[in-house]
Amino acid sequence: MSTRVPVQKTYKLYIGGEFPRSESGRTFDFNDAKGRHIANVSRGSRKDFRNAVVVARSAQKSWAGKSAYNRGQILYRLGEMVEGRRDQFIAELQQQGSSVADARREVDDTIDTLIHYAGWSDKYQQLFSTVNPVASPHFSFSVPEPTGVVALIAPQDSALLGLVNYLAPIIVGGNTVIALASDKKPLSAITFSEVIATSDVPAGVVNILTGYRSELLSQIAGHMDVNAVVYAGDNVEDRKTIQSQASLNVKRAIFSEKQSQSPYAILATQETKTTWHPIGL
Amino acid sequence: MSTATAEKTAPLQWNYAPAPESVDPQFRKRYDLFIDGKFVAPAEGNYRPSINPARETTLAEVADATAPDVDKAVKAARKAYTKIWSKMSGKERGKYIYRIARLLQERAREFAVAETMNGGKSIRESRDTDIPLAAAHFFYYAGWADKLEYAFPGRKAKSLGVCGQVIPWNFPLLMAAWKIAPALATGNTVVLKPADTTPLTAMKLAELIQDAGLPAGVVNIIPGGRPTGAAIVQHPDIDKIAFTGSTAVGKWIQKELAGTKKRYTLELGGKAANIIFEDAAIDQAVEGIINAIFFNQGHVCCAGSRLLVQEGVADTVIAKLKQRMATLIIGDPLDKNTDIGAINSKEQLGRIEALVASGAEEGAEMWQPSCELPAKGFWFRPTLFTNVSQSHRICRDEIFGPVLSILTFRTEDEAVEKANNTAYGLSGGVWTDKGAKIFKVTRQVRAGVIWANTFNKFDPTSPFGGYKESGIGREGGWHGLQPYVELE
């Protein structure tokens, strides 16, 4: 009797709720620490990014229009789904160089982060909204609203937790996102997209690309239909590229070397809308 | 009941006796730079005349700061930050800012006249809006200075350092207040550049700051043109740039700061949609439209420059609007009856004229009331365009003048779609008597400030600022503290 040959996974992109290969047909090799071939990872192109922006834009309005309670439950379900796939995520992190202890901790923290932000879905508004005591007879109030479509350049060194740490505050606030996964450790992001696909996150709300940062950064930051770019990292040249390109449409360029859980992380991709109405007219 | 056609055939005649404001604005002959608590001559010795745009007469000569002056001002601000201001308790900082507010209230009329003479806006506006709001802004932020520990739950708000602030010519003193007050309240020091056409109230503010006994170097005011602004943006020892002005310059600043750790807030242009639904109180809406576009000669970034009228009432609204526009009084800004004052500068008049010409060329239909304009000075008649398409330049570009582009719509969705069909997102207006419709529409319009059944209302407690290409960050209210602090 022969031993069973395991079925290996093809790592593809995640755009608009589907798992396409890169339109360019390109891939890059991902090998483990011992140099064994693990996967041909899709090498996302600029065109893939533009396609993702189109679906992210069309998904944004209805995502922001969902009740805060509903968005919270969807984020909570993301946590549930990661919990259910703990072993898979741990094994995959190990393939990407983590020790088993580190991998376990990373998966635990990822789940807890999702639960944390799930709970913020209907609370950050209350912290950051104001009723403005204006001197004239008007009711004036200010509320946070999602900035719109956000591009996320995920951290290089933390394949799963790093991504989720930045992704969760963006989407809980009603934005849609195109995330560029770590090009050093790309696998967890794609497996996480399978979690997204099974968690009632509407198609297009989260889109995940793998590919080379160096070749995509400028295009991502310069795209005229992206409202904000969040960059996790400290590379000065990258920052310079991003902000120069962001200036084309006054994109919010948000730089963050590390992200701790807080409502201020949500606020980073929110706008403030102030509405006035006369009283007693 | 009057009908649209009846009103058209019966133009109203208004004749008012002149009612000029006579308070002396007390200009000096010459203003130097205000650096380190003293008025000092500019390094390169250049002065430029500052004029009255309604009369084309010179009011005073004002120093033109160049890069060495900027450096001197930044050094003074840094020294004041390190040695004094960052160490002072919020309680004491607050009292200095309160003093500025009080002194401004006391000299309000003098400042109003100065503002009107230097900028061309009507005395009614500078007296009732610009100066009182500037004083109120200082008063509001003075109170925050010793309360910052309560402002950001879970975080400690830390000052940034030296702020470089560049402001426009449309609300000269008010913009100075918007910039200086929150910066000081949060413990920062300031280098402020007023606009080259309207430096006089800022220089008077410098005198007032001296009177207030503010420690030397905490606020430095250095007038100049675009090169001065660029030198501030590029100065390596400035921690934060706050800019109000055109989107083109805002983009340049964002790019220029790329790769630096400098923070920035930008309050840029706009092309606001003012949406009139069929169920609006039409007469009130017409007043709202007038205020939205003709306030301050339309030199307002949040002006309601695109009127969206629901088809069923379009003819009525346009007829009433024309009738109302025919009654607007254009002329001497110092006259208390004046509705529309002078255009701020010859350059701005040229820009307005060029865009208006493009409107006619591209096929829109122009209408202006017949009214006499003074022989001297810079003037432009209130203007509306009908038959406007969304691709016309007058519908896309910020004109920054008294020019209204009118579009129509049938459904709410169409109104929202058209309102959002712009690169800008500063403000918007909605007129309807249905509360549910107000919220449905205001939620969907992508803009930072939305006025429902009102327009162009401002208050120090109420945050102001744009979505999209209208800028980054908010000024005013609790939100206005954030750009001036680091949260630890």
**Report entry** Residues within the range B:123-179 that are without any contact (Cβ under 8 Å) to a residue 60 or more places away in the chain and on the phi > 0 side of the Ramachandran plot, tallied
**Finding:** 1
Query raised in the report: Within the group B:ALA419, B:ALA364, which residue is over 25 Å from the mean Cα position of the chain (by Cα) and under 16 Å from B:ARG306 (Cα atoms)?
Result: B:ALA364
Requested in this report: Just give me the residues in the range B:346-368 being within 24 Å of B:ASN170 (Cα to Cα) and buried (at least 16 other Cβ atoms within 10 Å of the Cβ), in sequence order.
Outcome: B:GLN348, B:LEU349, B:ARG351, B:ILE352, B:LEU355, B:VAL356, B:GLY359, B:GLN368
Requested in this report: Go through B:GLY448, B:GLY401 for me and flag whichever is under 21 Å from B:VAL249 (Cβ atoms) and more than 10 Å from every other protein chain (Cβ to nearest Cβ).
Outcome: B:GLY401
Query raised in the report: Looking only at helices (runs of 4 or more DSSP H) that fall completely inside the range B:55-138, which ones have 1 or more residues that are in contact with a Ser or Thr (Cβ under 6 Å, 6 or more places away or on another chain) and under 30 Å from B:PRO374 (Cβ atoms)?
Result: B:108-119
Report task. Name the one entry in A:LEU160, A:LEU209, A:LEU180 that is under 17 Å from A:THR241 (Cβ atoms) and at pLDDT 95 or above. Result -> A:LEU180
Query raised in the report: Conditions: (1) open to solvent by 10 Å² or more (accessible area, probe 1.4 Å); (2) away from every other protein chain (no Cβ under 11 Å); (3) farther than 24 Å from A:PHE128 by Cβ. B:PRO483 meets all but one. Number of the miss?
Result: (3)
Query raised in the report: Does B:ASP196 qualify as being at pLDDT 95 or above, surrounded by fewer than 22 Cβ atoms within 10 Å (Cβ to Cβ), away from chain A (no Cβ under 14 Å) and within 30 Å of B:GLY401 (Cβ to Cβ)?
Result: yes
Query raised in the report: Can you tell me which residues in the range B:134-166 are out of contact with any Asp or Glu (no Cβ under 9 Å at 6 or more places or on another chain), of a type outside the set (A, V, I, L, M, F, W, C), buried (at least 23 other Cβ atoms within 10 Å of the Cβ) and closer than 20 Å to B:SER89 by Cα?
Result: B:TYR141
Report task. Select from the range A:261-281 the residues that are in a loop (DSSP other than H, G, I, E, B), open to solvent by less than 20 Å² (accessible area, probe 1.4 Å) and either among the aromatic types (Phe, Trp, Tyr) or more than 8 Å from every other protein chain (Cβ to nearest Cβ) (or both) and list them in ascending order. Result -> A:THR269
Requested in this report: Please specify each residue of the range B:263-288 satisfying the condition of being crowded, with 18+ Cβ neighbours inside 10 Å, of a type in the set (A, V, I, L, M) and within 11 Å of chain A (Cβ to nearest Cβ).
Outcome: B:LEU266, B:LEU268
Report summary line: Counting only residues that are farther than 11 Å from B:GLY425 by Cβ and either of a type in the set (Ser, Thr, Tyr) or more than 7 Å from every other protein chain (Cβ to nearest Cβ) (or both), the range B:465-478 contains a total of 3
Report task. Output the number of the condition that A:SER142 fails; it satisfies all remaining conditions of (1) surrounded by 23 or more Cβ atoms within 10 Å (Cβ to Cβ); (2) over 11 Å from the mean Cα position of the chain (by Cα); (3) within 13 Å of A:THR269 (Cα to Cα). Result -> (3)
Query raised in the report: Only one of A:ASN235, A:ASN207 is of a type in the set (S, T, N, Q) and either under 28 Å from A:PHE141 (Cα atoms) or open to solvent by 10 Å² or more (accessible area, probe 1.4 Å) (or both); which?
Result: A:ASN235
Report summary line: Going through the range B:142-158 in order, the residues found to be more than 14 Å from chain A (Cβ to nearest Cβ) and in a helix (DSSP H, G or I) are B:ALA142, B:LEU148, B:GLU149
Query raised in the report: Does the range B:44-62 contain any residue that is under 25 Å from the mean Cα position of the chain (by Cα) and within 11 Å of B:ILE222 (Cβ to Cβ)?
Result: yes
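Every residue, every condition in (1) touching an Asp or Glu at 6+ places or on another chain (Cβ under 8 Å); (2) surrounded by fewer than 24 Cβ atoms within 10 Å (Cβ to Cβ); (3) not in a loop (DSSP other than H, G, I, E, B), yes or no:
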{"site": "B:PRO168", "(1), (2), (3)": "no, yes, no"}
{"site": "B:TRP178", "(1), (2), (3)": "yes, no, yes"}
{"site": "B:THR201", "(1), (2), (3)": "yes, no, yes"}
{"site": "B:GLU207", "(1), (2), (3)": "no, yes, yes"}
{"site": "B:GLN210", "(1), (2), (3)": "no, yes, yes"}
{"site": "B:PRO215", "(1), (2), (3)": "no, yes, no"}
{"site": "B:PRO223", "(1), (2), (3)": "yes, no, no"}
{"site": "B:ILE232", "(1), (2), (3)": "no, no, yes"}
{"site": "B:PRO236", "(1), (2), (3)": "no, yes, no"}
Query raised in the report: Residues of the range A:1-25 being open to solvent by less than 40 Å² (accessible area, probe 1.4 Å) and in a loop (DSSP other than H, G, I, E, B), which ones?
Result: A:TYR11, A:LEU13, A:GLY16, A:GLY17, A:SER22
Report task. Take B:THR260 and decide whether it is within 13 Å of another protein chain (Cβ to nearest Cβ), in a loop (DSSP other than H, G, I, E, B), touching a helix residue (DSSP H, G or I) at 6+ places or on another chain (Cβ under 9 Å) and among the polar types (S, T, N, Q). Result -> yes
Query raised in the report: Restricting attention to the range A:232-260, which residues are under 24 Å from B:THR244 (Cα atoms), facing chain B (nearest Cβ under 8 Å) and of a type in the set (A, V, I, L, M, F, W, C)?
Result: A:ILE242, A:ALA246, A:LEU248, A:VAL250, A:ALA253
Query raised in the report: Quick one: B:ALA292 ticks every box in (1) at pLDDT 95 or above; (2) away from chain A (no Cβ under 14 Å) bar one, so which box is it?
Result: (2)
Query raised in the report: Since A:VAL177 meets every condition but one in (1) within 14 Å of chain B (Cβ to nearest Cβ); (2) outside any loop (DSSP other than H, G, I, E, B), which condition does it not meet?
Result: (1)
Report task. Kindly state which helices (runs of 4 or more DSSP H) lie completely within the range B:377-478 and contain at least 1 residues that are surrounded by fewer than 23 Cβ atoms within 10 Å (Cβ to Cβ) and among the small types (Gly, Ala, Ser). Result -> B:435-444
Query raised in the report: So which pairs qualify, if the first residue must be in the range A:134-148 and touching a residue at least 60 places away in the same chain (Cβ under 8 Å) and on the phi > 0 side of the Ramachandran plot, the second must be assigned to a loop (DSSP other than H, G, I, E, B) and surrounded by fewer than 16 Cβ atoms within 10 Å (Cβ to Cβ), the Cβ gap must be under 9 Å, and the two must be at least 6 apart or on different chains?
Result: A:GLY148/A:ASP225
Query - Residue count, the range B:67-82 (criterion: surrounded by fewer than 22 Cβ atoms within 10 Å (Cβ to Cβ) and in contact with a helix residue (DSSP H, G or I) (Cβ under 7 Å, 6 or more places away or on another chain)) - result: 1
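The values are calculated or read from the model by the stated rules, or taken from the named source; none is laboratory data. Note that the coordinates shown come from a computational prediction; the quantities given were computed from them, not determined experimentally. In this analysis, Cβ positions are derived from the backbone assuming ideal geometry, glycine residues included, and neighbour counts consider all displayed protein chains. Accessible surface is based on the protein model in full, side chains and every heavy atom, while ligands, DNA and RNA are left aside. Shrake-Rupley method; radii C 1.70, N 1.55, O 1.52, S 1.80 Å.
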